[in-house]
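The structure appears right after this line, and notes come after that.
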Amino acid sequence: MQMDFHYYATYAAAYLAGYSHEESMVICYSAQFVDECTRTYLKSIKGPLSAATTQLQEEMADARTDLPGIQDITRIWASFHFLPRDLYRNPKRRCSRAYRRKYRLICGPNGELAAETVRLAKGKGLEAAGVAMHVIADTWAHQYFAGTPSVVINNVNEYFYEIISRDGRKEEHRIRFNHNPATADNLEKMEYTCTVFQNSEKSVMNLGHGRAGHFPDYSFARYRYMPAWADFNEVVKDNPADYILAFTQMIYALKYLKGDIEEFDVEKYDMDSIDPYRDEILGILCKRQTDVCAEWKAFGEKLSGYQIEDFDINKYKDEYLTADEGGKNKTVLGRFILAAMSQKSMVTNRIYKSGNRAAGYSIDIGEKGFRGIKDYARLLQEKEGD
Amino acid sequence: MTLRKEYKEHDYLINTYGSFAEARNDKFHVDERRYSSILKLTANGTLIMGIWSLIKCFMEMIGDMGSEILADEVPLLIAIFGSAVVIAFFFMIGISFRYLVWRGACREAASGKSTNGYIACAIILLAYGVYAVAYFIYHAVRKEADVQGVLKLIFDVTSFIILCELIASAFRLRKVRKEIAARETGGEL
């Protein structure tokens, strides 16, 4: 998903869940910040690099694709953007162990990890709620792709059709992908950019939905395509329908995090909250535009009556930089960093415990004591402080 | 993981905007996509084999021509003209057949327009493949085969297998498409 949903729509969902304007701003900032918190940025604020929730294109270009490098990439992308749906699912056909590991990382909504993500954020503050909302939202947009470089899972081919409703008729048009990142997506001609085909299994070009470009992130997109893992079965994706489920699931999750609901379960959506605004929300989602930030912003401002500031990545930077060592964890960025490391730690641990080494090793600190990356020591200190 | 969309909690969307599309994952549509993909892949393989044959022929000609010119056995102009004629001949016979196979197979895979011309070309190339293997076996039995002959055999066998797969996929694809067309008109084959 893009900023229009992660920032402005998350604000609207938070407000509808009962948070105040100020609280909603922190939540939506954290949700969008998951797409901005790179190692480069963390270096600039002297933050722990293990808290990175995404990678710049330049970082991806420099990333190693040996085993530790792939595991590092998988830890980031599978934890925050391509949360696996079912870590124990097997493909229908017999396959190698390496293939099965990647197959089990395919993202999808309403999995056990999605529920754990929300429950993990309970009682951890607004920043943790924002991180959880980003993860939940992305499980809808990025479903059927995996957060690990793999051509046999993530590749798409020329069998990719956009479905459009025109004058009451459904039309299907083949999408043309080009590889020039400097050109903008052309909605009229249905030409979209995507990564270059690389038949190397571990090429970063085959990470996530890179082979389909930004297209899966557009809220208006309805399309039919053949994922590489699906054995010639096709998938029909309806983003407006999925995004409305994502939105209502976020409202439900935020109500749980706020304490209005006792338990959080998957496959539940707070449709009642959006009843008065259903047509308006659907209108925004179905609007054939690459960026609907303005529309979501107007909707959010209409809901709350307050002005929503545009996203500023450096909004809380000074607060973090000027805080002393003991006080950094109490700043917005500090709490975000803790929430991100907690989320990454949880997902890596679940993947490891399922017998899958795609995200590397994970150690149960409770059983074996602290080992490994020292950045996570602050997580332990925070828990002990609690 | 389901590949079909289950509309439960958002019937409102269906009522307002209509069910927009269903995934076609019955056996026939899946087989159609599978054989279409195999047909296109084997067509590309056939063409690449043809291009490689041409390059190899050209390299051999350059090598032989070079040695003959150096030995002053053949004047330069005659050597160049003769080579051009031979290359053109091989191009016409070799790659043109493979180009026709490639074009016909890709067209059938993409649009469903089936012709038998490219199948006939593929069968001719298959016949040549049989001849090439028999030629190698004959020379191997007489202990006249060399390393180059073995490499050529590997190439010819590979090309043979690709062509067999291409022809088989073409016929399977036609059968599946007939079945789909029959079902869509209400009957069955």
What does the charge count around B:Arg98 come to, taking other residues whose C-beta lies under 14 Å from its C-beta (Lys +1, Arg +1, Asp -1, Glu -1)? +1
Would you mind telling me the antiparallel percentage of the DSSP bridges in chain A, rounded to 5? 85 percent
Ordering of B:94-100, A:322-328, A:49-55 by burial proxy (mean other Cβ atoms within 10 Å per residue, highest first): A:49-55, B:94-100, A:322-328
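For the stretch B:27-185, what is the relative contact order in percent, using Cα pairs closer than 8 Å and at least 6 residues apart in sequence? Can you show the working numbers first?
On the way: 126 pairs, mean separation 61.5, N = 159.
Reported relative contact order: 39 percent.
Order A:Ile175, B:Ile137 by their accessible area, 1.4 angstrom probe, all chains in place, largest first.
Numbers: A:Ile175 10, B:Ile137 95 Å².
Result of the area sort, largest leading: B:Ile137, A:Ile175.
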Give me the inter-chain shielding for A:234-244: mean count of other chain Cβ atoms within 10 Å, whole number please. 5
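Is the shape of the stretch B:27-185 best called rounded, prolate or oblate, per the rule: a/c under 1.5 gives rounded, else a/b larger than b/c gives prolate, else oblate, with a ≥ b ≥ c the square roots of the Cα gyration tensor eigenvalues?
prolate
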How many partner chain Cβ atoms sit within 10 Å of a residue's Cβ in peptide B:25-37, on average, as a whole number? 3
For each pair in A:Lys92/A:Lys202; A:Lys124/A:Lys344; A:Lys287/A:Lys315, compute the distance between the two Cα atoms and list the pairs where it is over 21 Å. A:Lys92/A:Lys202; A:Lys287/A:Lys315
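At 222 nm, what value in deg cm²/dmol follows for chain A if DSSP H runs of at least 4 each add -39500 (n - 2.57) and the sum is divided by all its residues, to the nearest 500? Numbers along the way, then the final one.
Values: 16 runs with 164 residues, N = 386.
So the helix-based figure for chain A works out to -12500 deg cm²/dmol.
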How would B:Lys143, A:Lys255 rank on accessible area, largest to smallest, probe 1.4 Å? B:Lys143, A:Lys255
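What relative contact order, as a whole-number percentage, does the stretch A:153-238 give when Cα pairs under 8 Å and 6 or more residues apart are counted? It would help to have the intermediate numbers written out before the result.
Numbers: 145 pairs, mean separation 27.3, N = 86.
With pairs under 8 Å counted, the relative contact order is 32 percent.
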Using Cα positions and a limit of under 30 Å, work out the lysines in reach of B:Lys56, with same-chain residues fewer than 8 apart set aside. B:Lys40, B:Lys143, B:Lys152
Using Cα centres only, tell me the gap between the stretch A:70-148 and the stretch A:201-279 in whole Å. 12 Å
Take the Cβ-Cβ distance between A:Ala61 and B:Ser96 as r, set R0 to 35 Å, and report the resulting FRET efficiency rounded to the nearest 0.05. 0.20
In the stretch B:81-164, taking the dipole from +1 charges on Lys and Arg beta carbons and -1 charges on Asp and Glu beta carbons about the Cα centre, the listed residue (B:Gly112, B:Val157, B:Ser83) farthest towards the positive end is B:Gly112
Given unit charges at Cβ for Lys, Arg (+) and Asp, Glu (-), the dipole magnitude of the stretch B:27-185 about its Cα centre in debye, nearest 20, is 1260 debye
Mind grabbing the accessible area of A:Arg224 for me, 1.4 Å probe, Å², rounded to tens? 10 Å²
Counting other chain Cβ atoms within 10 Å of each Cβ in A:222-230 and taking the mean gives 2
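The values are calculated or read from the model by the stated rules, or taken from the named source; none is laboratory data. Only a predicted model underlies this, so the values are computations on that prediction, with no experimental measurement involved. Every residue, glycine among them, receives a Cβ derived from its backbone with ideal geometry; neighbour counts consider all protein chains shown. Just the protein is used for accessible areas: all its heavy atoms, side chains included, with ligands, DNA and RNA removed. Shrake-Rupley method; radii C 1.70, N 1.55, O 1.52, S 1.80 Å.
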